[in-house]
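Chemist: First the structure, then my questions, so here it is.
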Amino acid sequence: MDIIELTPAQARQRVAAGAILIDVREAHERASGQAEASRGVAKAELLAAPATHLPESTAEIVLICQGGLRSLQAAQALAAAGYVRIASVAGGTTAWRDCGLPLVQPVQTVEEHDFQQRYSRHLLLPEVGVDGQRRLLASRVLLLGAGGLGSPAAFYLAAAGVGHLRIVDDDVVERSNLQRQILHTDASVGSAKVSSARERLAALNPGVGVEALPLRVTSGNVEVMLQDVDVVLDGSDNFPLRYLLNDACVKLGKPLVYGAVQRFEGQVSVFDAGRHRGAQPCYRCLFPEPPAPEFAPNCSEAGVLGVLPGIIGLLQATEVLKLLLDIGQPLAGRLLRFDALSMRFRETRLAADPDCPVCAPGREFPGYIDYAAFCSSGV
């Protein structure tokens, strides 16, 4: 049947005469205001069980959404279900507001209001939505390093609402860091990086828990660091820690988001061999042996373009969010390289090494080694 479309003024008159006005938008959309006298019931919820929210099928029902399309679709579905006096507001809440008709704020707790406002752009994405955002809030991420890579990653993970960030770094802020480590300010010089990070992240999103650990990660404590986390982000700047972190993630089945920068180039990948043995590679599959020190100088020796860690760190944060939400295609089995001078990305396919000493299928964990000696040997 054809659905009657009412102007906002006509709809208000019907409501004054006893019609029931239902706002079928999502809760986060209604947070900015809904038509006076309307009841909020999301479209999917209404159509799943109309009898729960509506009286008998002969009652007069007026539906409203943001622009008029969803309410019209919902009205057609209700008409097909037997509701005989159903109408939709043409132009929706936008037209209602443009006509100067009164809007009211739905009753919300402080926490609900903050959730709807802070994450409103995430809530609009079908791939995230309310359920996905609550999933992020329940997630725990370990960030190894509060430096060039960890800084942008931490900022965006906190802004995105990842509920708990465990940041581990035993270093203090130096003035030379400020060219690229944007978590820190000049006033932070001399203070622990993790303390500086916690202060800045709390100012951005006080709802995120930041666990600041001013420790050096070793074979003796790495498993404690990985306890209860969902994803690990590697923001380290040395090979011994990268190998240690990889081995622990394989043993404990934690996805590892890898990033590295030098001069004008950076690279990113996801290593998830612990959960996908034989199907996805680990860091050792890419680098079975560490390069000789003269071929892999760190940033303090070779320098780095200040914006480069920002680009790579944001790519790492993107991969973390995809893993937490289980959306998209992660960089597992792929190494993404970026050249800032040519502004080009290049992707290399990575295969799992069937003879990998750590992640080969059926192979028992060989135990942690002296990673400093392993990396200094150059063999």
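The values are calculated or read from the model by the stated rules, or taken from the named source; none is laboratory data. All figures in this text were calculated on a predicted structure; none of them were measured in a lab. Note that we place each Cβ from the backbone using ideal geometry, even for glycine, and neighbour counts take in every protein chain shown. Please note that ligands, DNA and RNA were not included when accessible areas were found on the heavy atoms of the full protein model with its side chains. Shrake-Rupley method; radii C 1.70, N 1.55, O 1.52, S 1.80 Å.
Chemist: Considering only segment 365-377, state which residues are within 16 Å of Cys285 (Cα to Cα) and either open to solvent by 70 Å² or more (accessible area, probe 1.4 Å) or outside any helix (DSSP H, G or I) (or both).
Modeler: Phe365, Pro366 - these are the residues of segment 365-377 that are within 16 Å of Cys285 (Cα to Cα) and either open to solvent by 70 Å² or more (accessible area, probe 1.4 Å) or outside any helix (DSSP H, G or I) (or both).
Chemist: Look at Gly313 and say whether it is buried (at least 20 other Cβ atoms within 10 Å of the Cβ) and either closer than 20 Å to Val358 by Cα or touching a residue at least 60 places away in the same chain (Cβ under 8 Å) (or both).
Modeler: yes
Chemist: Considering only segment 141-184, state which residues are farther than 22 Å from Asp230 by Cβ and in a strand (DSSP E or B).
Modeler: Passing the criteria: only Val172.
Chemist: Turning to a different aspect of this structure: List the residue pairs whose Cβ atoms are under 6 Å apart, where the first residue sits in segment 214-234 and is closer than 16 Å to Leu321 by Cβ, the second is modelled with pLDDT of 95 or more and in a loop (DSSP other than H, G, I, E, B), and the two are 6 or more positions apart or on different chains.
Modeler: Asp230/Ser139; Val231/Pro255; Val232/Lys254
Chemist: Residues to consider are Leu183, Leu178, Leu201; find the one that is in contact with a helix residue (DSSP H, G or I) (Cβ under 7 Å, 6 or more places away or on another chain) and open to solvent by 40 Å² or more (accessible area, probe 1.4 Å).
Modeler: Leu178
Chemist: It is to be established whether one or more residues within segment 237-260 are without any contact (Cβ under 8 Å) to a residue 40 or more places away in the chain and farther than 19 Å from Gly145 by Cα.
Modeler: The answer is yes; a qualifying residue exists.
Chemist: Only one of Leu137, Leu124 is open to solvent by 40 Å² or more (accessible area, probe 1.4 Å), of a type in the set (A, V, I, L, M), out of contact with any Ser or Thr (no Cβ under 8 Å at 6 or more places or on another chain) and more than 25 Å from Arg200 (Cβ to Cβ); which?
Modeler: Leu124
Chemist: Within segment 239-275, how many residues turn out to be out of contact with any Leu (no Cβ under 8 Å at 6 or more places or on another chain), crowded, with 24+ Cβ neighbours inside 10 Å and more than 20 Å from Gly220 (Cβ to Cβ)?
Modeler: 2
Chemist: Scan segment 320-353 for residues that are surrounded by 19 or more Cβ atoms within 10 Å (Cβ to Cβ) and not in a loop (DSSP other than H, G, I, E, B) and report the count.
Modeler: Total meeting the criteria: 7.
Chemist: Looking at this structure, is Ala187 of a type in the set (Gly, Ala, Ser), part of a helix (DSSP H, G or I) and closer than 26 Å to Gln116 by Cα?
Modeler: no
Chemist: If you check Leu46 against the conditions, is it closer than 24 Å to Gln108 by Cα and assigned to a strand (DSSP E or B)?
Modeler: no
Chemist: To continue, here is another question. Based on what the data block shows, is Leu63 open to solvent by less than 10 Å² (accessible area, probe 1.4 Å) and more than 36 Å from the chain's Cα centre (by Cα)?
Modeler: Spelling it out, it is not the case that Leu63 is open to solvent by less than 10 Å² (accessible area, probe 1.4 Å) and more than 36 Å from the chain's Cα centre (by Cα).
Chemist: Just for helices (runs of 4 or more DSSP H) wholly inside segment 75-134: which have at least 2 residues that are under 30 Å from the mean Cα position of the chain (by Cα) and over 16 Å from Val15 (Cβ atoms)?
Modeler: The qualifying helices (runs of 4 or more DSSP H) are 110-118, 120-123.
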